[in-house]
Amino acid sequence: MKLFNKSKSAVAAVAFLLLAATSCTDLLNPEAEDVLSTSEVYRNLDDANSTLRGIYGKLMDCAPQYVVLNELRADLMDVTSNADQSLMELSRHESVSDDNQWANPSTFFSLINTCNNAVVNFEYMYNENKINREDFNIRYSEALAVRSWAYLQVALHFSDREKGGVPYFTQPIDNVDDIDLSAIENVPYLNLETMIDSLVNTIATLPYKTKITDESLITTISTYNSNYMYIDKEYLLGELYLWDENYYMAASTFKNIMERSTTEDINNPYDRYKIPFDASASLSVSSSRYNSGYSRYYENDRFSIRNNWPYMFFDTETFNYYNEWLWVLYFDQLNEPSPFIDLFAKEGGEYLLKPSQVAIENWDNQVQQNSFKGDFRGHFYKPDGFNWVNSEGEEYTVLDYVSIFGLPGSYDIVNGEPVVMKYIYDYSKYNQNFDLLDKSGRWFLWRSATMHLRYSEAANRDGQHKVAYSLLNNGIRANYPGSDHDAADNDYTHRHQTELPFPYDFDARSTGSGDIPPGLRQPWFRNTGIRNRVSMNNYQVESDSLSTIEMQILKESALELAFEGQRWGDLVRIAIHNGNNSILADRIAEKLNHEGLDGETARIKLQDRNNWFLPL
């Protein structure tokens, strides 16, 4: 098993590997030799847990392809001179070769088939009283959620040109490598919109949608809490509602997650999933909440920089880490090394992919609140004039520099070339325990900023433009300062809150003992906004607020979420919702033009939505 290095049942773990390669029909075939029956494999809760772990082992196989398809096909990632033809085909939107492994959906279908196997056998176990109803609900819901995630990816990237979609099968099959087998010829083929409708119905009706608390599934693995390894089913539902243009329900689902701290972590109501401001003037790593900026009173001094934002990709199990991440998966060197090292690292890897010139210019062209150019989330390293020799005449090391200024950002410059860092900070010179032989790592999927951007997209589409603008820029408190009918300057009764019904009800009040009402701390008083968190100027809204803010959200997503596997979906979704294929086509063309390639041919090709999808 690739995700978990310990199994509660070795027999069940071995049996699951057998199940992953065969169908239920084969297992029950009396003529089959050396095969265990279902009753011999699925005996108890330990076996059910091993099956669930096996699903996540299969999910990990999808990690490199997920990032390549969602980032390289979009505008923020490009190939290096080390890349082969298969990667170039995806980046340039050329016809893909028959042997292009990145354009082969079988890894996703294998995961889907594993989930189908699990669902069938969880049902068997429940019907045979081998697990109780609650245990069944948890594991059954988890399997369907992972399957739905995989189906969304397949529908987002692939399509059978003749049948207009991808096969949707919910029963185990013998061979997922050949999707034209007669076993699935009679299943429906669903296009992206139809698939999303189906997935919404699946996730909305799950019997268990909350975070897993079952002690038999929660453990510590290599110091990591396994709770954050399980898919966040509520977040997935919010994403699906957003795709389905049910903006009110998308905003409602995301808002529920934003305020989980009121029920799940009552000691941390102001930080969990709220993009909070730094709680100190020092911008120390421990208190920063992943804010980047300048020490107080030194806002115009580049030597007072503290770039804490990238620490979310470097920290392990800190207070801040849990306040940001919703879903992270871990590669264990002993079982499955991180595939991202080969994709991105120059030392110890093959360095196949890099930030696009467009992505770099996006960050470089940002203007900070002190009028400095650049974005902490891009590459913010080595202020001009920094003396690499300290007062005692000793040369600073890289780790000395990091202790003063923080990490560089989403990418670094290594021997004059840009290197994506989000996935390989653990495997870099910035890690004092860096070991070339230790290729463990992490797969980052969903986090607080992702959710705030999705929520803002939904709220904006639902007519709540100011709420969307606030979360995108400098927070609720700054944009809802007060009301005209305040009785006195210290009357906060109607200040710093939206005074809107759910899911647009945000209360950011914070009052002293002499204010009215006194001594108040409401959950959103620390919310600082996505751009303000990294000291960026607010966006300006001068025309139609819906379209203007939506394009700003798309731009901000590029700055905040680059390389995290979100970009292709963002371009596709917003292009569809605007009925404007140019939103996607123009950005791909711009990337290629910046690299001296033929962006115009790609632009013309991608104006036809049928060409967004790889052949099945």
Practice item. Would you calculate a helix-derived [θ] at 222 nm for the chain, using -39,500 (n - 2.57) for each DSSP H run of n ≥ 4 and dividing by the full residue count, to the nearest 500? Key: -11500 deg cm²/dmol
Point to revise | Loop-located GluC sites (Glu not before Pro) in region 253-317 whose Cβ has at most 13 other Cβ within 10 Å (DSSP) | key: 317
**Study point:** Sorted by Cβ neighbour density within 10 Å, fewest at the top, the residues 373, 439
**Key:** 373, 439
Exercise for review: Rank the residues 405, 340, 372, 444 as a footprinting-exposure proxy: fewest other Cβ atoms within 10 Å of their Cβ go first.
Suggested key: 372, 405, 444, 340
Revision key, fill the gap. For region 331-448, averaging the sequence separation of alpha carbon pairs under 8 Å that lie six or more residues apart and dividing by its residue count, the contact order in percent is 31
Check your understanding: What's the center-to-center distance, using Cα atoms, between region 62-101 and region 338-369 in Å?
Key -> 15
Point to revise | Residues residue 129 and residue 417, FRET efficiency given R0 of 51 Å [Cβ-Cβ distance, rounded to 0.05] | key: 0.25
Study note, to complete from the structure: Length-normalised contact order of the chain, Cα under 8 Å, at least 6 apart, in percent, tallies to 15
Revision key, fill the gap. For residue 605, the lysines lying under 19 Å Cα to Cα, once residues fewer than eight places off in the same chain are dropped, come out as 591
Exercise for review: Can you put 205, 493 in order of Cβ neighbours within 10 angstrom, beginning with the fewest?
Suggested key: 205, 493
Check your understanding: Which value in nm describes the separation of the simple spin-label points at residue 361 and residue 161, placed 7 Å from the Cα toward the beta carbon?
Key -> 3.3
Practice item. Using Cα positions and a limit of under 15 Å, work out the aspartates and glutamates in reach of residue 58, with same-chain residues fewer than 8 apart set aside. Key: 142, 177, 332, 336
**Study point:** residue 580 paired with residue 335, simple spin-label distance in nm, labels 7 Å along Cα-to-beta-carbon
**Key:** 4.6
**Study point:** Gyration tensor (Cα) of the chain, equivalent ellipsoid semi-axes in angstrom
**Key:** 39, 29, 26
Point to revise | All-pairs alpha carbon distance profile, region 331-448, 5 Å steps from 0, percent | key: 2, 10, 17, 20, 19, 16, 9, 5, 2, 0
**Study point:** Residues residue 39 and residue 545, FRET efficiency given R0 of 51 Å [Cβ-Cβ distance, rounded to 0.05]
**Key:** 0.25
Check your understanding: Stretch residue 521-residue 432 to full length: gain in nm at 0.36 nm per residue minus the Cα-Cα span?
Key -> 28.1 nm
Review point. Expressed in nm to one decimal, what extension gain is obtained for the pair residue 597 and residue 98 from 0.36 nm per residue of sequence separation less their Cα-Cα distance?
Key: 177.3 nm
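None of the figures in this text is laboratory data; all of them are computed from the coordinates on show. In this text, all values refer to a predicted model and were calculated from it rather than measured experimentally. Positions of Cβ are backbone-derived with ideal geometry, glycine not excepted, and every protein chain shown enters the neighbour counts.
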